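The values are calculated or read from the model by the stated rules, or taken from the named source; none is laboratory data. This structure is a prediction, so every number in the text was calculated from the model and none was measured. Heads up, the Cβs are rebuilt from the backbone with ideal geometry, glycines too, and the neighbour counts pull from every protein chain shown. In case anyone asks, the SASA skips ligands and DNA or RNA and just uses the protein heavy atoms, side chains included. Shrake-Rupley method; radii C 1.70, N 1.55, O 1.52, S 1.80 Å.
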Amino acid sequence: VREVGGVEYVFAVREEKGRPTAELLPGLLQEVLTGLGFPRSMRWGYGELRFARPIRWMVALYGEEVVPVRVEGLVADRVTWGHRFLAEQPLRLAQAADYARCLEEAYVIVDHDRRRDLIARQVREVAAAQGGVPMENPELLEEVNFLVEYPTAFFGSFSADYLAVPPEVLTTTMVEHQRYFPVFSPGGALMAGFVGVRNGTDYNLAEVREGNERVLRARLEDALFFYREDTREHLETRVPLLKQVVYQARLGTVWAKVERLQDTAEFIARQLGFEDLDTVRRAAFLCKADLETSMVYEFPELQGVMGRYYARVSGEPEEVAQAIFEHYLPRFAGDQLPATRAGIAVSLAEKCDNLVGCFCIGLRPSGSADPYALRRQALGIVHTVLARDLRLDLTQVLARVYQGFSHVPPDHGCEETCREVLDFILQRLRGVLLERGVPYDVLDAVLESPEGDLVRLVQRAQALAAFKSRPEHEDLMVVFNRCFNLSRKWERTAVDPACFEHDAERTLFEALEANTGEWNRRLQAGEYEAYLQELAGLRPMVDALFDAVMVMVEDERVRANRLGLLRRVSNLCLQMGDFSRLV
């Protein structure tokens, strides 16, 4: 028993002796192996273990000693194998330190970091030899790295006739289907060539190159055919076909979604003061039309991209074409944001529609599961609003969107759904501002007094964070804490001057009556520093009140009157944020 801080605690000491590493490793390694998870796994034979592929052999060495790991009838040994085509003989390892060297002699580079660097260097050198620069694509590099054991890069080419197809189609074909690195000229134009990476040496590389070119040629021929067929018709003719495309079983068709987007995008454009509403409605009308094209059916990742090209071919205004592409932005972290007015309006409408629709029927993200990418949608709203400094009341927008789902039997009403969606968006805003260095306690305080204007929320947070470093912050906290602690459970703000028993009550009341209107004007105008300064200036009157009177007196009318007075002060503070959360 020991005393800590004036309190006695019971302590126990347990000694656990170490065990030899060789004894611990079999169990530890088996736990590691059976604990690995994969997006897709399989069972084989009569075993129960699920793994990415059937396990054919295992090597487990501790120094020169074999660790007897057992899995699915297999027992680890010191024998392994190299490249399946270039090293046909088994490799017997004398000790663990020989592993990487022996495997490399058998055409397997074990160190994936070294293998990645080797691939990147080879790809750059091969492209440079053709006067080009390879596409920078870390995800593709990572995937290729784990597809090969002994990389050798090579250059392949295709007919320049295929360059008539939009470059995004060609690069998507090369990257997504063939895992090639597209090559660009120093000026940024796509060249009629690519860099591939084979798993092996440069033996018979010409034949490998020819085979890869033949496979790519067939895919590019399909792409050229799709493009020619799609451009035979005006993009507008595809829109009615969306009546047959289901957006979500309970939420209806994509056609119904397009109708909602036209209304919501125009509503957002009006809020933001955009003048060309016809362009906004036209962009919203056409934004999903490319889903009914052959190209997007074959390459879904090109939705929006092809819509922009087809709109241009159909003679649509450039801002309409650009908005069709931009309404999907941002598609991933670090992606570009919509820049045109029509693109901004339709993009925000699309994301709000997705969020409200899913939330109203109970499709909320849970844990890591987010099949409708709602977190990304909410983040897209946050980044777009902040980057473009958009003064938009999301509360009104979400309520407008909800009206468009009147045909859906919702699980939740308008007020509940909109509140949950706004809170979901504000949580994403909180994460963004934390990354920008806004203190967590300031964010907690401000988000306890939420509003639909994200720009105002950010400005409030920044003003409060700056005010915390000023001497007047202490006065502000005294005003808030003394008033809020007593009146937090009191909701009424009615004050009757006839019940005053001391001049201190009357002085504070008259100050509030004379200045509350001006203070609220400053708050609405975003003059947050001045607003906080005025609240901090109430300290002498608040201190005088508490020195002069007892708030919680037995007389019910006097007590209620004083609590109402304190509640008025508390409410003025709470309009800026819940200061009780400030550290």
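Could we say that residue 125 is part of a helix (DSSP H, G or I), modelled with pLDDT of 95 or more and under 18 Å from residue 209 (Cβ atoms) here?
Numbers: part of a helix (DSSP H, G or I): yes; modelled with pLDDT of 95 or more: yes; under 18 Å from residue 209 (Cβ atoms): yes.
Yes: the conditions hold for residue 125.
May I ask you to list the residues in segment 31-58 that are modelled with pLDDT of 90 or more, open to solvent by less than 50 Å² (accessible area, probe 1.4 Å) and over 39 Å from the mean Cα position of the chain (by Cα)?
58
Go through (1) among the polar types (S, T, N, Q); (2) at pLDDT below 95; (3) in a helix (DSSP H, G or I) one by one and return the number of the condition residue 384 breaks.
Among (1) among the polar types (S, T, N, Q); (2) at pLDDT below 95; (3) in a helix (DSSP H, G or I), residue 384 violates only (2).
For segment 291-314, which residues satisfy the criterion of being in contact (Cβ under 8 Å) with a residue 60 or more places away in the chain and over 18 Å from residue 178 (Cα atoms)? Spell out the reasoning first.
From segment 291-314, those in contact (Cβ under 8 Å) with a residue 60 or more places away in the chain are 293-295, 298-299, 301-302, 305-307, 309-311, 313-314; that's our starting set.
Listed by number, the residues that qualify are 293, 294, 305, 306, 307, 309, 310, 311, 313, 314.
Out of all the residues in segment 277-284, is one or more without any contact (Cβ under 8 Å) to a residue 12 or more places away in the chain and of a type outside the set (Asp, Glu)?
Start the filter on segment 277-284 by keeping residues that are without any contact (Cβ under 8 Å) to a residue 12 or more places away in the chain, which leaves 277-278.
Subsequent filtering for residues that are of a type outside the set (Asp, Glu) retains 277.
For segment 277-284, residues without any contact (Cβ under 8 Å) to a residue 12 or more places away in the chain and of a type outside the set (Asp, Glu): present.
Would you confirm whether any residue within segment 35-47 is in a helix (DSSP H, G or I) and free of Cβ contacts under 8 Å to residues at least 24 places away in the same chain?
Here is the first cut: in segment 35-47, the ones in a helix (DSSP H, G or I) are 35.
After this cut, where a residue has to be free of Cβ contacts under 8 Å to residues at least 24 places away in the same chain as well, the list is 35.
Yes, the conditions are met somewhere in segment 35-47.
Take the residues in segment 1-23 that are open to solvent by less than 70 Å² (accessible area, probe 1.4 Å) and closer than 30 Å to residue 66 by Cα; name whichever of them is nearest to the chain's Cα centre (by Cα).
If we take residues in segment 1-23 being open to solvent by less than 70 Å² (accessible area, probe 1.4 Å) and closer than 30 Å to residue 66 by Cα, then 21 is nearest to the chain's Cα centre (by Cα).
Do the conditions hold for residue 72, that is, is it open to solvent by 80 Å² or more (accessible area, probe 1.4 Å), modelled with pLDDT of 95 or more, of a type outside the set (Lys, Arg) and out of contact with any helix residue (DSSP H, G or I) (no Cβ under 6 Å at 6 or more places or on another chain)? Don't jump to the end; show me each part of the working.
On the way: open to solvent by 80 Å² or more (accessible area, probe 1.4 Å): yes; modelled with pLDDT of 95 or more: no; of a type outside the set (Lys, Arg): yes; out of contact with any helix residue (DSSP H, G or I) (no Cβ under 6 Å at 6 or more places or on another chain): yes.
No; evaluated as a whole, the condition is false for this residue.
Got a number for residues in segment 102-117 being under 18 Å from residue 85 (Cβ atoms), out of contact with any Asp or Glu (no Cβ under 8 Å at 6 or more places or on another chain) and not in a helix (DSSP H, G or I)?
1
Among the helices (runs of 4 or more DSSP H) confined wholly to segment 291-352, which include 1 or more residues that are over 18 Å from the mean Cα position of the chain (by Cα) and of a type in the set (Lys, Arg)?
It comes to 305-313.
Looking at segment 463-561, what helices (runs of 4 or more DSSP H) fall wholly within it and have at least 3 residues that are open to solvent by 30 Å² or more (accessible area, probe 1.4 Å) and of a type in the set (Lys, Arg)? Step through it out loud before you land on a result.
Values: elements: 472-487, 503-524, 528-536, 539-548.
Filter on segment 463-561 gives 503-524.
Give the number of residues within segment 562-583 that are assigned to a helix (DSSP H, G or I) and either open to solvent by 40 Å² or more (accessible area, probe 1.4 Å) or of a type in the set (Ser, Thr, Tyr) (or both). Don't jump to the end; show me each part of the working.
Within segment 562-583, the subset assigned to a helix (DSSP H, G or I) is 562-574, 579-581.
Okay, now just the ones that are also either open to solvent by 40 Å² or more (accessible area, probe 1.4 Å) or of a type in the set (Ser, Thr, Tyr) (or both), so 568, 570-571, 580-581.
So the count comes out to 5.
So how many residues does segment 403-440 have that are under 23 Å from the mean Cα position of the chain (by Cα) and either in a helix (DSSP H, G or I) or surrounded by 15 or more Cβ atoms within 10 Å (Cβ to Cβ) (or both)?
Our first condition is that a residue be under 23 Å from the mean Cα position of the chain (by Cα); within segment 403-440, this holds for 417-440.
Of the ones still in play, those that are also either in a helix (DSSP H, G or I) or surrounded by 15 or more Cβ atoms within 10 Å (Cβ to Cβ) (or both) are 417-435, 438-440.
The number of residues fulfilling the criteria is 22.
Return only the number of the condition from (1) of a type in the set (D, E, K, R); (2) under 30 Å from residue 64 (Cα atoms); (3) open to solvent by 30 Å² or more (accessible area, probe 1.4 Å) that residue 125 does not satisfy.
(2)
Which residue out of 195, 239 is open to solvent by less than 40 Å² (accessible area, probe 1.4 Å) and free of Cβ contacts under 8 Å to residues at least 60 places away in the same chain? Explain how you work it out, then say what you get.
Numbers: 195 fails: free of Cβ contacts under 8 Å to residues at least 60 places away in the same chain.
On inspection, the qualifying residue turns out to be 239.
Can you pull out the residues in segment 249-270 that are under 22 Å from residue 358 (Cβ atoms), touching a residue at least 24 places away in the same chain (Cβ under 8 Å) and open to solvent by 30 Å² or more (accessible area, probe 1.4 Å)?
Taking segment 249-270 as the starting set, the residues that turn out to be under 22 Å from residue 358 (Cβ atoms) are 249-265, 267-268.
From what is left, the residues that are touching a residue at least 24 places away in the same chain (Cβ under 8 Å) are 250-252, 254, 256-261, 263-265, 267-268.
Within segment 249-270, 250, 259, 263, 267 meet the criteria.
Select from segment 271-309 the residues that are open to solvent by 10 Å² or more (accessible area, probe 1.4 Å), under 24 Å from residue 395 (Cα atoms) and in contact with a Leu (Cβ under 7 Å, 6 or more places away or on another chain) and list them in ascending order.
Residues satisfying the conditions are 271, 272.
Give 147, 140 a once-over and let me know the one that is open to solvent by less than 30 Å² (accessible area, probe 1.4 Å) and hydrophobic (A, V, I, L, M, F, W, C).
Numbers: 147 fails: open to solvent by less than 30 Å² (accessible area, probe 1.4 Å).
When all the criteria are applied, what remains is 140.
Only one of 326, 318 is without any contact (Cβ under 8 Å) to a residue 12 or more places away in the chain, of a type outside the set (Lys, Arg) and over 13 Å from residue 285 (Cα atoms); which? First the steps, then the outcome.
Values: 326 fails: without any contact (Cβ under 8 Å) to a residue 12 or more places away in the chain.
Of 326, 318, the one residue that is without any contact (Cβ under 8 Å) to a residue 12 or more places away in the chain, of a type outside the set (Lys, Arg) and over 13 Å from residue 285 (Cα atoms) is 318.
Would it be correct to say that residue 61 is crowded, with 18+ Cβ neighbours inside 10 Å and under 30 Å from residue 177 (Cα atoms)? Can you show your working first?
Details: crowded, with 18+ Cβ neighbours inside 10 Å: yes; under 30 Å from residue 177 (Cα atoms): no.
For residue 61, the condition - crowded, with 18+ Cβ neighbours inside 10 Å and under 30 Å from residue 177 (Cα atoms) - is not met.
For segment 335-378, which residues satisfy the criterion of being aliphatic (A, V, I, L, M) and more than 15 Å from residue 428 (Cβ to Cβ)? Let's see the steps before the verdict.
First pass over segment 335-378, keeping only residues aliphatic (A, V, I, L, M): 337, 339, 342, 344-346, 348-349, 355-356, 361, 363, 369, 373-374, 378.
Correct list: 339, 342, 344, 345, 346, 349, 356, 361, 363, 369.
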